[in-house]
1. Using the Cα centre as the reference, give the magnitude of the dipole from point charges on the C-beta atoms of the chain (Lys, Arg: +1; Asp, Glu: -1; all else neutral), rounded to the nearest 20 debye.
2. With no solvent and one equal point scatterer per Cα, compute the Debye intensity ratio I(q)/I(0) for the chain at 0.08, 0.09, 0.17 Å⁻¹ and report its log10, rounded to two decimals.
3. Could you check how much of the accessible area of region 158-250 is carbon and sulfur, as a whole percent, using a 1.4 Å probe?
4. With a probe of 1.4 Å, find how much accessible area region 57-170 has per residue, and write the answer as a whole number in Å².
5. Let me check against my output: what whole-number percent is the relative contact order of region 161-250, with C-alpha pairs under 8 Å and at least 6 apart?
6. So how far, in whole Å, is the C-alpha centre of region 135-203 from the one of region 40-103?
7. Quick one: pull the percentage of alpha-carbon pairs in region 120-250 with a separation above 22 Å.
8. Set the Förster radius R0 to 41 Å, insert the Cβ-Cβ distance between residue 215 and residue 154 as r into 1/(1 + (r/R0)^6), and round the FRET efficiency to 0.05.
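The values are calculated or read from the model by the stated rules, or taken from the named source; none is laboratory data. These figures come from a predicted structure and were not determined experimentally. Heads up, the Cβs are rebuilt from the backbone with ideal geometry, glycines too, and the neighbour counts pull from every protein chain shown. With ligands, DNA and RNA removed, areas are computed over all heavy atoms of the protein, side chains included. Shrake-Rupley method; radii C 1.70, N 1.55, O 1.52, S 1.80 Å.
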Amino acid sequence: MPRLSLIVITKNEEASIGRCLRSAAGIADEIVVVDSGSTDRTLEIARAFGAKILEPGDWPGFGPQKQRAQEAASGEWILSLDSDEWMEEGLVREIRDVLNDPAAAPGYRMPRRNRFIGKIVRFGGWWPDHVLRLYRRDKGRFNDNLVHESVVVDGEVRTLNNPIEHNTIVSAEDASGKVERYGEIAGRELIARGRRCSAFEARLRGAAAYLRSFVLQLGFLDGATGHRVARYQSRYTYKKWARVAATNTR
């Protein structure tokens, strides 16, 4: 069976990194962790799993950081997981079947089952949330996006049936922090691409994001959780476009 490298980027993930690495223990021949200055037990836990650890000392953005992890890996196949993601046995079996298949495609996407403060999200655009995470190392690489990065594969991409499990948001404080961090980064990317926006348009975009998630994407069927997800989408969308608007008015 070809060798599989699990790659993970981290910063202060002691609450989740163990579950992530443990879930891949049966199929990963190598674990590569690229850390961004953890001050908790993240690296201690990763070392207990035999991980190869890189500490580059800077933060180039999510896409470039994950590409660093890929370049440090030696397996013919790459499996990329975030530290707050993990796999159940069904997905592990599917990945093992891919590795044993001489006619396997260069890349594989799989659904991702997201949770918002402990509740599984079924609607609002958060399911099935397909992500491409398994690919031949010589056929794929991460793009340079600072946030919402993805893998670009040269060749066919197939879809697996079993999901990656994901604790997307663990608390109200986590939601607010991610809105601020990711909204700021996404806003800078929009500015770099020459996008323009007024303060009024930013508010409209935020309101539209809520309606899209809660109404058009049936988030209301998730009840109170659907409302929270839609609010999160709205706040994030407003934050990134407000960042653009603030630059445009200077």
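1. On the way: 39 positive and 33 negative charges, 235 e Å.
The calculated dipole for the chain is roughly 1120 debye.
2. One equal scatterer on each Cα of the chain leads to -0.33, -0.42, -1.37.
3. Details: 2720 of 4990 Å².
It is 54 percent, rounded to a whole number.
4. Working: 4980 Å² over 114 residues.
Each residue of region 57-170 exposes 44 Å² on average to a 1.4 Å probe.
5. Numbers: 93 pairs, mean separation 38.4, N = 90.
The value is 43 percent.
6. Answer, in whole Å: 18.
7. On the way: 4074 of 8515 pairs.
That tail contains 48 percent of the Cα-Cα pairs.
8. On the way: r = 38 Å, r/R0 = 0.94.
Working from the Cβ atoms, E equals 0.60.
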